[in-house]
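Novice: Next up is a structure, given as structure tokens.
The values are calculated or read from the model by the stated rules, or taken from the named source; none is laboratory data. Just so it is clear, the structure is predicted and the values come from calculations on it, not from any experiment. Using ideal geometry, Cβ is built from the backbone for each residue, glycine included, and neighbour counts are taken over all protein chains shown.
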Amino acid sequence: MTKRLLMIDDDPDFVAGIKSILDSAGEFEVDVAYNPKDGLKALQTREYDLLLLDIMMGRGAEGVMIARKLRKDPKLREMPVLIITGMREQIAFLFPGEPIHPRFVEVDELVEKPVEPKLLLEKVKSLIKTAEARKVNP
Amino acid sequence: MKEYAYYPGCSLEKMAVSYHLSAVETTGKLGIKLKELEDWSCCGATAYSGIDELLSHTLSARNLAIAEKTGLDFVAPCSACYKNMYFTAVHMRKDADLAEHINFALEEDNLHFSGNVTVRHLIEVYVNEVGLEEIKSKVTRPLEGVRVAPYYGCQIMRPRKDHEDVEQPQFFEELLAAIGAMPINYPLKMRCCGGSLIISSRTAALSMVRNLLQSAVDGQADVIATTCPMCQVNLECYQQQVNQEFGTNFSVPVLYFTQLIGLAFGITPKKLGMGKEFVALAPSLLAAGKANPAHSKP
Amino acid sequence: MEKIGVYVCHCGTNIAGVVNVEEVRDWTAKNLKDHGVVISRDYKFMCSSLGQELIEQDIKEQGLTRVVVAACSPHLHEATFRKACGRAGMNPYMCELVSIREQASWVHTDKVAATQKSKAILSGGVRRVEYHTALEPLKVSIHPDTMVVGGGIAGIQAALEIADAGFHVYLVEREPSIGGHMAQFDKTFPTLDCSACILTPKMVDVGSHPNITLLTWSEVTKVDGYVGNFTVTVKKKASYVNNDTCTGCGICWEKCPKKVVDNVYEAGMGIRKAIYRPFPQAVPKYPVMDVDTCIYFEKGTCKACEKFCPTEPNSINFEQKDEFLDIPVGNIILATGYDAFDPHRIPQYGYGRLPNVFTSLEFERLCNAAGPTGGNILLRDGKTAPKVVGIVHCVGSRDKNYNEGCSAICCMQSLKFAHLVHERTGAEVYNFYIDIRTPGKSYDEFYQRLLEEGTHFVRGKVAEISDAVRLPGEEGKLVIQVEDTLTGNQLRVPVDMAILSVGLEPRADAKEVAKLFGISCSANGWFTERHPKLDPVATMTDGIYIAGCVQGPKDIPASVAQGAATAARVLGKIQQKEIALEPVRASVLEEKCSGCRICNDLCPFNAILFHEDKMVSEINAALCQGCGTCVAACPAGAISGTGFSNEQVLAQIEGLLLLNISEDAVPA
Amino acid sequence: MTETITFRQEVLNLLHASEGNPINFCIQCGTCSGTCPVAGFMDHSPRQIIAMINAGMKEEVMNSNTFWYCASCYHCTVRCPQEINITGLMYAMKRYSIWKGKYKEGLIGPTFSEAFVKMIVRTGRSFEPVLAPSYIFSFNMRGFLQEVQNATELMLKGRLPLLPARIKRLEKFRSVIGRIIPMGGLE
Amino acid sequence: MTNNKPFEPVIIGFTCNWCSYRAADLAGTSRTKYAPNIRLLRLMCSGRLDPTFVFKALANGADGVMITGCHPGECHYLEQNYKALRRFQLMRRTLEGLGVDPRRVKLVWASAAEGAKFAQEVTSFVEEVRALGPLNWGAGENGRVAEYQSTPQEALA
């Protein structure tokens, strides 16, 4: 049955692209929040199977704040998170040529923009599958 | 012997070393010990908020956390540092998520900032903490007849709106009067000196500096007193460029208010870092007599 | 068991759009049977005459003993349905109106939840109405005298209208003369009438009217009682002048050596003496002595006024004392006016620091022929006429840092100033505005006139007025820094004179005055009217009315209209001779009262007295306002409150929680 | 078919955590532009930029130098009658254009900010000389000469820092930053 | 969140006729939405509130009680809301003594002009009580209130 995804990203053009990819797959219902505050509110009011999260938003790398906040919230700790970020080119000058370092973002998966549609769908499906498996026998 | 967690800021290392010297000297005379913050780092000035505001808050929070360890009030001589520190503290007290996230980052340097640090600008220490009476009592050579333009700059009062007079404060004038000087009516005293625009948009900043100098000269000021190293550099070191750009010939000395206080306390100019100015103070003013005011016809 | 009729209103779609009215009707009929509900109907508009007839018919035919209507707020139609029940022979207080519009359909989006909530509210009403008792409204006599507080144009209008109708008015004014702010103006917009010419006739009428007792230089200090039976204590400050013998000749203030800056009438522009009459056309014409500045009261010397007073016996009397008068009145009209915004609070406009920055009141005094410059518009040096004048709109208004609201008159006032400057000095005039607001009749025509006269209208809120010279031609001038938002240019307009068109603010002591009269005022201090659109001159407290700028910023025509409106309301009340008060009162059951006196000091209206002999407390129904604090506090439950008795409230709680609903109401 | 959000909404999202009222409160009164000491040098005055954002003129706004000429003196913010944090908006627009790499070419502001931020991340303290290359070459000849003349005079007066200052716990400092912006090989 | 539907608390709201009831009316006329869990009861003044009303409501199925009145200093009867405040403080301690979490009873001042504030206070209080979970105070073993047959939920067939 359709899986419900939430996407928190401030770039409407990018969101439109991702949404069209996921809609084309036909088994995902995608809600969108364009800033961290609306994103967290959406997470409190509805249950989602997967979160697509951007990093550079609002005041700065707020995606990191959200990812950490999820991990502390008992209800949302299990939620699988796929970070999709363009941080490398956005502030590339800061750490030229260095990888994005997910260590402090206990997240399930990280993908860098631009995103290749097939890879995206694969990652989304696998993440949901593993999360379901974890729920069945934690 | 009241102590303060003293945060000099990057420019007081070299560019504005005389501000540092005169601050230490004059506070020493007033029974105040400026204990320099151990291993402090840059506050991010204005550049950071244009890249990542969380990082800007983190830089300030690191210094605030170090100050919190000492348990002393935080003192910043530079207005830009003062504003960054003050508002990082305000935001972290108000927004729990922000505080939690930044403290998570500070853990790497085993630091923590819980918010109970009072952030003061250096001039507040003189005016509010020490008080004008105490300063007046320490004055040995009042700057008789020296006409001083009290230049507040912009970030010392703003964007705070909780002072009782944001637009026309008087405490700088009162401080100058306390040391015997003659504060002039300086209408542009709250206007900006251009700050980092001196680099990113030269002509704009040079014209702002020109207006400030013009207004000081119109008020027949012998010297402009500043409270921030960036304003001092813009007003003094770029007088040459202003003269070339607009065909004026300003040569107005620009000193830190602590240097003027030092002179009034009779401290030897050398110890106040005098002699590093581009526009030398008229020797007579050094002897606090009023010889030839530094006038100029535009 | 009572026979209760329940009527659920559709209110068009206001209720029916969200609440399933039919389901509520059927649920009530089914589930509240054992609580006496014999009829449960619904109708499109219960408050319509047909709806009311529905009730009346049921009462007559079915012999209903109680009626519950579920519709709008009791503050709207409780009286309507009570009257309908009264017409049908049922005691009006047997009817209960519960609100399922304001409390359900209008405030909830979830239709199911709103319908469920309506059932619960209705059930609360039905359980409550079982314990209603027949009540008669309290008849209270109305004292024919009226007190008008505040002698501005609104107060004057109200006083005259009531006095002309043959009833007595006490007009209390804090200043030595009536006239208010209008007396300070030179001209009025849009007709450019001379303000004094249209005001002084009314002032003279007030001064000489047989039905008006004028109490100037006086203040209200205490108000007791309730509608129809107020007792107002007025402190008549000693003026040290015997008004009976004084002829108002003026020798005393000519000879008085002590000059004082007149901050009230001359707005700080002119001076007066320690003994003074504010302005020539003052009513009453007698001077008053300002104790704080008079030399006699300072050093005990001088007494020049007494020496030169020609009257026999001497009208100057230094032994005069303040008098306190307790005046019984039926109704009170508050017309205490406004304060002008003090532009010192906007330092960047330079008022007080830069000499040639004037407030609107100061400019009015400049233009006024009786003003300090005899009507000539001159700079602060009193000699030079301005060649360029800048008029700043919205000073302190429409600004979240000062007063959020628009002051309604400061645009028209600014246009008037522009015209006066053109007419008197021929100077160039700049008006700096955000929006030109000319809402009144022939107001915009006045604006056209200003356009014709060549006024420079610059759309932009002035950022700063400073004396910092930057460009040639700015020497010795005030430089107005503003962005002309229509061209996008940042302008530096050098002017000789800047007029700050300040907005209207509530009186500084508005909150205390509101508390004194027992009425409420908004957060910033405007007095709160009973209904902003439909009842702007009455207040929540019966018998107390408000007129003019005390209720909010408005122009002179509106103030006069409100003055007359309050007079009409008061005359209406006086004609009724007596009015019915809500019978909500508390009363002590003597046999239950243990004489513990807990209730005695709970009552701010000292309506509870204690009988030493019988060791019981008793409530004076006339003074009791029905708040019920004593009812709740009485440990012995000896005090019962009509209309809100313990039984009624407890029953309503049970009803709201839908308890002991008949068995079949519980789902399978 | 997917409804995207307006440009104004994008800017409001940037300011989701800022105090002060949102820019749709703006009544275009012009106080900010009247106050701004740099308005004369800007392509569009602060008021115009807010109007353009509200009107969704994304290209024109991104191509304007207004927010890069903001001296961050906060005079507009304290005077705005609608209590909009205009300086905060200017900072947000700087972030927006840096992140998107879209700004009017020839502007020195962005490259200077980037150089400044990179310098602090490297040493923990600012060292003016290292910033020079980021702007010195974009000056015209006269500006270039003046700047060089300025630098030499500062040196003569002993006010030009020669050695870049470093903080002691530099590694720790960089790992603190690594927790805010999770980049860099900070294992 | 035992069954699938989230727990919907029932709140009884006491309002004073002059200020907070008019605030509720204003919320209505300006169509300001708020949670439907509250059921309002109009008293002449917050001073009229007898603590037994609160205990009665809590004992009969209400999960929370919200007491509202005029701001101190603005009471139509001059000062009766100060007495309501005193009673409220005392009542909270009594509630604690009776084993009821005092956060289930909240006191809110709302003037006649504060419709939006009234609505917002209701919604946030409903969330607070929802977090506290059902009270079932004085309930018999089958969760029904001892002396009464039905609980508020079921009766709403």
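Novice: Listed residues A:Ile83, A:Ile66, A:Ile55, A:Ile8; which is more than 10 Å from every other protein chain (Cβ to nearest Cβ) and buried (at least 22 other Cβ atoms within 10 Å of the Cβ)? Let's see the steps before the verdict.
Specialist: Numbers: A:Ile83 fails: more than 10 Å from every other protein chain (Cβ to nearest Cβ); A:Ile66 fails: more than 10 Å from every other protein chain (Cβ to nearest Cβ); A:Ile55 fails: more than 10 Å from every other protein chain (Cβ to nearest Cβ).
It is A:Ile8.
Novice: Next question, about the same structure. So which residues in segment D:93-108 are hydrophobic (A, V, I, L, M, F, W, C), over 17 Å from D:Glu60 (Cβ atoms) and touching a residue at least 24 places away in the same chain (Cβ under 8 Å), if there are any at all?
Specialist: Matches in segment D:93-108: D:Ile108 only.
Novice: Pick out, from segment C:304-417, the strands (runs of 3 or more DSSP E) lying fully within it that include 2 or more residues that are within 23 Å of the chain's Cα centre (by Cα).
Specialist: Passing ranges, in order: C:323-329, C:331-334, C:338-340.
Novice: For residues that are without any contact (Cβ under 8 Å) to a residue 24 or more places away in the chain and polar (S, T, N, Q), scanning just segment C:572-630, find the one that is farthest from C:Tyr545 (Cα to Cα).
Specialist: It comes out as C:Asn600.
Novice: Criterion first (at pLDDT below 90 and over 19 Å from C:Glu175 (Cβ atoms)) does C:Asp244 satisfy it?
Specialist: No: the conditions fail for C:Asp244.
Novice: Let me ask something additional. Can we say C:Ala622 is among the hydrophobic types (A, V, I, L, M, F, W, C), in contact with a helix residue (DSSP H, G or I) (Cβ under 8 Å, 6 or more places away or on another chain), over 17 Å from E:Lys83 (Cβ atoms) and outside any helix (DSSP H, G or I)? Walk me through it before giving the result.
Specialist: Values: among the hydrophobic types (A, V, I, L, M, F, W, C): yes; in contact with a helix residue (DSSP H, G or I) (Cβ under 8 Å, 6 or more places away or on another chain): no; over 17 Å from E:Lys83 (Cβ atoms): yes; outside any helix (DSSP H, G or I): yes.
Considered against the rule, which asks whether it is among the hydrophobic types (A, V, I, L, M, F, W, C), in contact with a helix residue (DSSP H, G or I) (Cβ under 8 Å, 6 or more places away or on another chain), over 17 Å from E:Lys83 (Cβ atoms) and outside any helix (DSSP H, G or I), C:Ala622 comes out as no.
Novice: Within segment C:571-586, does at least one residue satisfy the condition of being farther than 19 Å from C:Ile142 by Cβ and out of contact with any strand residue (DSSP E or B) (no Cβ under 8 Å at 6 or more places or on another chain)?
Specialist: For segment C:571-586, residues farther than 19 Å from C:Ile142 by Cβ and out of contact with any strand residue (DSSP E or B) (no Cβ under 8 Å at 6 or more places or on another chain): absent.
Novice: Follow-up question, since we're still on this one. Quick one: which of C:Ser195, C:Ser118, C:Ser177 is in the same structural domain as C:Asn14 (by TED's automatic domain parsing) and either touching a residue at least 24 places away in the same chain (Cβ under 8 Å) or in contact with a strand residue (DSSP E or B) (Cβ under 9 Å, 6 or more places away or on another chain) (or both)?
Specialist: C:Ser118
Novice: While we're on this one: All but one of (1) facing chain B (nearest Cβ under 8 Å); (2) part of a loop (DSSP other than H, G, I, E, B); (3) of a type in the set (D, E, K, R) hold for D:Arg166, so report the exception by its number.
Specialist: The failed condition is (1).
Novice: Here's another thing I want to ask about it. With the requirement that a residue be within 21 Å of C:Cys603 (Cβ to Cβ), within 17 Å of the chain's Cα centre (by Cα) and touching a residue at least 24 places away in the same chain (Cβ under 8 Å), what does segment E:72-98 give you?
Specialist: Selection gives E:Asn81, E:Ala84, E:Arg87, E:Leu90.
Novice: D:Lys94 fails exactly one of the following numbered conditions: (1) surrounded by fewer than 18 Cβ atoms within 10 Å (Cβ to Cβ); (2) assigned by TED's automatic domain parsing to the domain that holds D:Glu19. What is the number of that condition?
Specialist: (1)
Novice: Take the residues in segment B:1-29 that are in contact with a strand residue (DSSP E or B) (Cβ under 9 Å, 6 or more places away or on another chain), assigned to a loop (DSSP other than H, G, I, E, B) and aliphatic (A, V, I, L, M), then tell me which one is nearest to the other protein chains (Cβ to nearest Cβ).
Specialist: B:Ala16
Novice: Please state which of the following conditions C:Asp381 fails to meet, knowing it meets all the rest: (1) at pLDDT 95 or above; (2) closer than 30 Å to B:Val217 by Cβ; (3) acidic (Asp, Glu).
Specialist: Of (1) at pLDDT 95 or above; (2) closer than 30 Å to B:Val217 by Cβ; (3) acidic (Asp, Glu), only one is false for C:Asp381: (1).
Novice: Going by what's in this entry, would E:Phe53 be described as hydrophobic (A, V, I, L, M, F, W, C), surrounded by fewer than 21 Cβ atoms within 10 Å (Cβ to Cβ) and over 14 Å from E:Phe118 (Cα atoms)?
Specialist: no
Novice: Could I ask something else about it? Of the conditions (1) over 19 Å from the mean Cα position of the chain (by Cα); (2) in the same structural domain as B:Arg62 (by TED's automatic domain parsing); (3) buried (at least 22 other Cβ atoms within 10 Å of the Cβ); (4) among the hydrophobic types (A, V, I, L, M, F, W, C), B:Val146 fails just one. Which one is it?
Specialist: The single condition B:Val146 does not satisfy is (2).
Novice: Restricting attention to segment D:5-34, which residues are of a type in the set (Ser, Thr, Tyr), within 14 Å of chain C (Cβ to nearest Cβ) and either within 19 Å of the chain's Cα centre (by Cα) or in a loop (DSSP other than H, G, I, E, B) (or both)?
Specialist: Correct list: D:Ser33 only.
Novice: Right, E:Tyr21: more than 24 Å from C:Glu654 (Cβ to Cβ) and within 10 Å of chain C (Cβ to nearest Cβ) or not?
Specialist: So E:Tyr21 does not fit the description; no.
Novice: Scan segment C:66-95 and report the pairs whose first residue is outside the structural domain of C:Ile15 (by TED's automatic domain parsing) and whose second residue is in a helix (DSSP H, G or I) and among the basic types (Lys, Arg), with Cβ atoms within less than 7 Å and a gap of 6+ or a chain change.
Specialist: Correct list of pairs: empty, since none qualify.
Novice: Among residues belonging to segment C:442-462 that are closer than 13 Å to C:Gly390 by Cα and among the aliphatic types (A, V, I, L, M), point out the one that is surrounded by the most Cβ atoms within 10 Å (Cβ to Cβ).
Specialist: Out of the qualifying residues, it is C:Val462.
Novice: Please list, ordered by first then second residue, the pairs with beta carbon atoms under 6 Å, 6 or more apart or interchain, first in segment C:15-37 and of a type in the set (D, E, K, R), second surrounded by fewer than 17 Cβ atoms within 10 Å (Cβ to Cβ).
Specialist: Qualifying pairs under 6 Å: C:Asp34/C:Ser662.
Novice: Follow-up question, since we're still on this one. Of all residues in segment D:42-61, which are part of a helix (DSSP H, G or I) and in contact (Cβ under 8 Å) with a residue 24 or more places away in the chain?
Specialist: First pass over segment D:42-61, keeping only residues part of a helix (DSSP H, G or I): D:46-54, D:58-61.
Result: D:Pro46, D:Ile49, D:Ile50, D:Ala51, D:Ile53, D:Asn54, D:Lys58, D:Val61.
Novice: Would you list the helices (runs of 4 or more DSSP H) that sit entirely within segment A:1-112 and hold 3 or more residues that are free of Cβ contacts under 8 Å to residues at least 60 places away in the same chain, closer than 19 Å to D:Met183 by Cα and of a type in the set (A, V, I, L, M, F, W, C)?
Specialist: Hits in segment A:1-112: A:62-72.
Novice: Let me ask you something else. Hey, can you tell me all the residues within segment C:102-148 that are of a type in the set (Asp, Glu) and more than 7 Å from every other protein chain (Cβ to nearest Cβ)? Working first, answer last.
Specialist: The first filter runs over segment C:102-148 and keeps only residues of a type in the set (Asp, Glu), leaving C:102, C:110, C:130, C:136, C:145.
Those that are of a type in the set (Asp, Glu) and more than 7 Å from every other protein chain (Cβ to nearest Cβ): C:Glu130, C:Glu136, C:Asp145.
Novice: Looking at segment A:53-61, can you tell me whether even one residue there is at pLDDT below 85 and touching a Leu at 6+ places or on another chain (Cβ under 8 Å)?
Specialist: There is no residue in segment A:53-61 that is at pLDDT below 85 and touching a Leu at 6+ places or on another chain (Cβ under 8 Å).
Residues are listed down the side, and each one gets a yes or a no for (1) surrounded by fewer than 24 Cβ atoms within 10 Å (Cβ to Cβ); (2) among the hydrophobic types (A, V, I, L, M, F, W, C):
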position	(1), (2)
B:Gln168	yes, no
B:Ala177	yes, yes
B:Met190	yes, yes
B:Cys193	no, yes
B:Asn234	no, no
B:Asn249	yes, no
B:Leu255	no, yes
B:Gln259	no, no
